[in-house]
Amino acid sequence: MNNLYHKVAVASVCTALGFALGASKEAKAATFTMVPTITFQVNDNNFDGRGDRVQSGNFDFIVRGTFAEAAEFGEINIGSFSLAPNTVISRAIFQGEIDTFLIYGLGVSATNPGSVGIFGYVGNGTAEASDFEAGVLLSSVDISSSSPGDILNFDVTPFVKQRVSNGDAFAGFGIRALNFGGLALNTSNFSGIKPSLIVETADVTESVPEPTTILTAAIALGWGGWLKRKNSSQQNKTKSKG
């Protein structure tokens, strides 16, 4: 009888492990690429942290000079972007390509600024000078050793997650030089890639206990059943003797 119960316990362990392995699901990933609906340049003409002049249609020259700054902005329509059930945003990257560092103006003469940052704000699909001060720094990229043709990848994952969660219609992005110097990005007016937002999603997988946890629980269950059966047999023998 003990041998029989041993076989049953072993079978229970194997069954439990089989359920654990069978419940595991592979995460499915999807990638979406979105380009700005509107692009524009904003100049801060006196370094007071406020936008003074807007040039619609621009997304190229990023300059921090001796007396003024020029930053590039793009707003992406995310109003129609929605997540399927049990799907999350795993990564969001704003991407751009360096065209040249040969920028002259605002006191700059072909100087690499060394670092550029991306600022995020809730957009409205309109080019506004006030967007210059509305942005919050999301991330930065070291370009001190970069060359024309290099790709800039700004991590904007938490910001995009929040915008989508809030149901905002537009996600606004501004790219600014963080030090003295300047560069130009490739846009639709140049060869190379366009500035774009790349969003990667993944399915949420079911939570599965560790195999060791399943094994321990199954063994404990089998051992408990064996002890219970053994005690029951001993009680029956005692009653028989009485």
Flag for residue 176 being surrounded by 11 or more Cβ atoms within 10 Å (Cβ to Cβ), modelled with pLDDT of 55 or more, touching a Phe, Trp or Tyr at 6+ places or on another chain (Cβ under 8 Å) and farther than 30 Å from residue 35 by Cα:
no
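For the range 50-64, what are the residues that are part of a loop (DSSP other than H, G, I, E, B), open to solvent by 10 Å² or more (accessible area, probe 1.4 Å) and under 23 Å from residue 102 (Cβ atoms)?
Residues satisfying the conditions are 57, 58, 60.
Here's the yes/no breakdown for (1) among the aliphatic types (A, V, I, L, M); (2) farther than 13 Å from residue 174 by Cβ; (3) open to solvent by less than 50 Å² (accessible area, probe 1.4 Å):
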residue: 68; (1), (2), (3): yes, yes, yes
residue: 71; (1), (2), (3): yes, no, yes
residue: 87; (1), (2), (3): no, yes, yes
residue: 121; (1), (2), (3): no, no, yes
residue: 140; (1), (2), (3): no, no, no
Within the range 43-93, work out how many residues are over 19 Å from residue 127 (Cα atoms) and of a type in the set (Phe, Trp, Tyr).
3
Please go through the range 152-169 and pick out each residue that is open to solvent by 10 Å² or more (accessible area, probe 1.4 Å) and touching a Phe, Trp or Tyr at 6+ places or on another chain (Cβ under 9 Å).
153, 155, 159, 163, 164
For a quick check of your reading of the model, give me the residue pairs whose first member lies in the range 157-168 and is small (Gly, Ala, Ser), whose second is open to solvent by 30 Å² or more (accessible area, probe 1.4 Å) and at pLDDT below 95, with beta-carbon atoms closer than 9 Å and at least 6 apart or on different chains.
167/79
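The values are calculated or read from the model by the stated rules, or taken from the named source; none is laboratory data. Note that the structure is predicted; figures quoted are calculated from it, not measured. Methodologically, a virtual Cβ is constructed for each residue, glycine included, from the backbone with ideal geometry; neighbour enumeration extends over all protein chains shown. Each accessible area value is taken on the protein alone, full model and side chains, heavy atoms only, with ligands, DNA and RNA left out. Shrake-Rupley method; radii C 1.70, N 1.55, O 1.52, S 1.80 Å.
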